[in-house]
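Readers should treat all values here as calculations from the given coordinates under stated rules, not as data from a laboratory. This one's a predicted model, so the numbers in the text were calculated from it and none came from an experiment. Here the Cβ positions follow ideal geometry from the backbone for every residue, glycine too, while neighbour counts run over all protein chains shown.
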Amino acid sequence: RKPAIMTALQAISKSTTEHLGAAQFNRPPPPAKRHGFSPPFTCLAQIDKAPQEFGDDEMLWEYKWILPALLQFPSIRLQQIIDLEDDFARRLKTAGYSLRPFYEARFDRLEWSEQPDEKKKYFELWRKSKRDHLANCRACEESGVVSYYFESQQPELALTKAYEMLENRVGCHSVPHSMISKMLLPLLRLGRFAEAKELHTRGYRMIRNNRDFLGYVRAHMVYLLHVGEIASALRILTRHIPWCLETRELLDKLDFCHGAAVVLEKAGHRKRKLNVPLQHPCYNETGSYVPSELAAWFSSEAEGLAHHFDERNGDRQLKDWMEESRAEIGTIPHSGE
């Protein structure tokens, strides 16, 4: 018989998927869940009724991975996520574990918020806290540090740390794949064109066949747009449209759609042959599209998602990010290669 812990935690994951897979913005969540998202609390209550049947290690490890997954879906209220984070911290304390995974989870949530002081506070708490076996792997943690340095406008420090990781082959199933995508535009801004080109080639090869990295495809498309390789950017864009249409991870979808819209807008008003898949709403049998017109669909998707996330978070962080990144196109000089 499966341990009860796995039954309960799989129920959390399943209910998350079912609720949020239905919560694409062209249709509402299931009626019973429309006013909130209760399955994690329901399953945790089940665990608490029979604590002798559940191992702390296994339960807390699964809990740690549920928290970042919830961020992908704006139909989950912010207060519910905060309550789950607090509950996770309480359970870590009760079981005698370090609060390091809690601090990291809260820091990750604050990444897309307009609370720089809170973000810094939890970054420092995370980095100072004790590591134990519930902590994320060192590659993921150090990649998170690189991201924080980029976000806090310290690109040279971020790049130094990132290159140290690359040179020492610090990695896991998602690093350096994700980290490399974050290095591309900062390298261009600093005029380090050859490095950016090498990392684009290396990094895209690592993610092109793995849909878990949909959210990181944007950086490679936009890199190519900045260096004037619009045809290559369009090839990458159309290759990954099926992933965009099928994903249930809405932050990743937003990321891709925003990048796709920017690339297509810059591709102009002349018709082009584009390999748009049959399942896309704008598909036509001729295979010829006006890129700027196709851009409207992706822009609408990205803007709709950004609105829902910002509404959930109580700010306009994503909307501002989209406007800033769109305005930056054409302002970064490139090598002209």
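A compact table of results
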| item | result |
| --- | --- |
| Förster radius 30 Å - calculated FRET efficiency between Glu285 and Glu311 (Cβ-Cβ, nearest 0.05) | 0.20 |
| Exposure proxy order (Cβ contacts within 10 Å, fewest to most) of Cys172, Cys244 | Cys172, Cys244 |
| Förster-model FRET efficiency, 56 Å R0, Thr331 and Asp87, C-beta, rounded to 0.05 | 0.80 |
| Vicinal HN-Hα couplings computed from phi for the range 289-295 (Karplus, 6.51 cos²θ - 1.76 cosθ + 1.60; Hz; Gly/Pro x) | 9, 8, x, 5, 6, 4, 4 |
| Where labels lie 7 Å past Cα in the beta-carbon direction, separation of Gln80 and Thr160 in nm | 4.4 |
| Cα-based radius of gyration of the range 127-226 once divided by 2.2 N^0.38 Å, which approximates compact folds | 1.07 |
| Kirkwood-based shape ratio for the range 98-178, expressed as Rg/Rh from alpha carbons | 0.96 |
| Estimated dipole of the range 161-244 in Debye, rounded to 20 [Cβ of Lys and Arg +1, of Asp and Glu -1, Cα centre] | 160 |
| Gap separating the Cα centres of the range 156-201 and the range 295-330, nearest whole Å | 25 |
| Phi-based couplings in Hz for the range 228-238 (Karplus 6.51, -1.76, 1.60; Gly and Pro marked x) | x, 9, 5, 5, 5, 4, 5, 5, 5, 4, 5 |
| Loop-located trypsin sites (Lys or Arg not before Pro) in the range 266-337 whose Cβ has at most 16 other Cβ within 10 Å (DSSP) | Arg270, Lys271, Arg316 |
| Filtered trypsin sites (Lys or Arg not before Pro), the range 51-126: DSSP coil and at most 14 other beta carbons within 10 Å | Arg77 |
| Cross-link pairs Lys64/Lys130; Lys93/Lys130; Lys64/Lys182; Lys182/Lys319 - those with Cα-Cα distance over 22 Å | Lys64/Lys182 |
